[in-house]
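Asks: Mind having a look at this structure? Questions to follow.
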Amino acid sequence: MSSHPIDLNPVEQSTSSSSSFIINEQEQQQQGYQPTTLKSHNRARSVYLPLFPTKSFGPNDYLLLANVPVTRLAPHEIAKRQYGAYTSDALMMMNNYDYSNDGFSLSQQDVEELAARLRVGKSIITFNAQQLRGICYTLLTLHESFRRNILQIKNVALTETTLNSKQMAIALEFYLQIDGECLL
């Protein structure tokens, strides 16, 4: 009977690495989801991402994270996903949304249809529509400045400078799906 010693090192290493993976995963669950492309040097990009409705903007804003699986979210993020559209601030901002037809805004009907189709609270739709409106006006201003200062073309009014409500609803649907992993 030959005796061959059993080398337990691979098993111990495997067990050790899997237990450290579990610990790291538990720490991440407590800390919350961390986008891999948003680091301290480019954190300012997060202002262009969809958020849960909030009155004040800052580093503690909650990204909407619509495409992040629930298994990668911390308990407080799951609660935010379930109830974030129904806070008093969110509902107040929703009720104050400007449904005017001055461009880059949604009609009340389009807000309701989009909220129903995406199965999110109307406050998330109106808040992020307001965010997207600001981004659109900023881009329009940059475009006009580029034409005037760089191309040195007379400031000619564009024929269709804004989006109507239906176009805005389509743009918003795409915008709401952007998360931190889309930014490089």
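Asks: Identify all residues within the stretch 76-130 that are surrounded by fewer than 19 Cβ atoms within 10 Å (Cβ to Cβ), in a helix (DSSP H, G or I) and among the β-branched types (Val, Ile, Thr); write none if there are none.
Replies: Listed by number, the list holds a single entry, Ile78.
Asks: When you go through (1) farther than 17 Å from Gln131 by Cβ; (2) exposed (fewer than 10 other Cβ atoms within 10 Å of the Cβ); (3) modelled with pLDDT under 85 one by one for Phe21, which number turns out not to apply?
Replies: The number of the failed condition is (2).
The values are calculated or read from the model by the stated rules, or taken from the named source; none is laboratory data. A quick note: this is a predicted structure, and the numbers were derived from the prediction, not measured. Cβ: placed from backbone, ideal geometry, glycine included. Neighbour counts: every protein chain shown.
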